[in-house]
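Have a look at the structure below before the remarks.
A short reminder: the numbers here are calculations on the coordinates, not readings from a lab. Since the structure is predicted, the reported quantities are computational estimates derived from the model, not experimental observations. Cβ placement follows ideal geometry from the backbone for every residue including glycine, while neighbour counts extend to all protein chains displayed.
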Amino acid sequence: MTGSRPTPPQDGGSGHRRVISGRTAVLAVIALVMLIPAYLLVVNSFKSQQDITQEPFGIPFGRLSLGHLREALASPDFSLLRAYLVTAAFAVAVNVLSLLVSGPAAYVIARSLRIRHRVLLGCFLVGLFIPSQVLVIPVIFVLKSLGLMGTVAGFLAFETTLTLPISMFLYVSYIKTLPRQLDEAARIDGAGPIGTFWRIIFPLMRPAVATAVILHTIGVWTDFVNPQIILGPGSSLYTVTTSVYAAIGRYSTDFTVVYPNLLMAVVPVLVFFVLLQRNIVSGLTSGAVKE
């Protein structure tokens with residue numbers, strides 16, 4: 001006598017769909033929570049002080065105005081355009097210094113099999129887990145002892161140091177995927193280690209370099225604590241974030257100045273990130289698999 005086995009219920013597809021719908025709902029809630037500050041920033045940039053304080057989430061269509069943005073651009077206390085130029089110059093300088101320091105160092109570490117170089121890489125990577133705010137107080141003492149406190153050189157040195165961990169992580173991982181035969185061929189042609197890196201290896205590192213430049217630029221653009229403390233609140237070289245802080249009064253806050261400045265400070269870096277986000281993804285994944 002042959003018995004037929006019971007057929008299990010075919011509910012795998014519905015269970016999988018329930019899991020996907022649950023994840024979608026969770027992601028939708030998280031996205032909504034993250035969009036609330038952006039909504040307040042955009043809406044309140046076009047409202048009067050009274051409307052902002054009484055109905056921060058409301059949209060009084062009949063009273064919205066572009067005048068607050070124009071007033072922020074023409075503020076006699078600080079120039080937002082000057083803040084843009086200063087911050088962009090700082091970002092370019094930090095990226096150049098970071099590449100000059102971390103590029104050759106990453107090449108040496110990636111091509112070396114010595115334990116001391118691996119330990120050195122580990123010391124760099126530890127910096128990924130240390131918040132920059134924790135280092136501010138020790139850095140102040142170091143910069144004061146070197147006479148660099150309140151100077152552009154001191155600020156650039158500290159900002160460049162903060163970029164080294166992520167740069168080393170990206171560059172070492174990427175260089176390890178490049179065949180060593182390139183180094184041997186360059187050595188046969190008479191190139192030294194420095195020439196091999198800049199002429200052969202560096203042109204092949206464009207995805208990793210692009211990712212590092214994007215991340216460092218966003219970091220410098222959004223940084224507030226370091227320029228405010230190192231450059232000093234009275235410095236004429238104020239950045240985008242410190243110019244927003246200058247719009248906040250000591251005893252009262254004019255939200256018709258704060259919100260427009262915040263919006264104009266966020267929009268450039270947001271557009272920059274959206275346009276180049278593919279470079280970030282490709283740079284992070286290009287060194288993941290060794291061909």
Computed over region 16-65, Kirkwood Rh from alpha-carbon pairs, angstrom: 12.7 Å
Semi-axes of the equivalent ellipsoid for region 117-242, Cα gyration tensor, largest first, Å: 34, 15, 15
Within-14-Å neighbourhood charge of GLY103 [Cβ basis; K, R +1; D, E -1]: +3
Residues whose placed amide H lies under 5 Å from that of SER75, excluding near-sequence neighbours: LEU80
Radius of gyration, Dmax [region 71-285; alpha carbons; angstrom]: 20.0, 70
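Rounded to the nearest 0.05, what FRET efficiency do VAL126 and GLN54 give with R0 = 35 Å and r taken as the Cβ-Cβ distance? Could you check? Present the calculation step by step, with values, prior to reporting the outcome.
On the way: r = 49 Å, r/R0 = 1.40.
According to the calculation, E is roughly 0.10.
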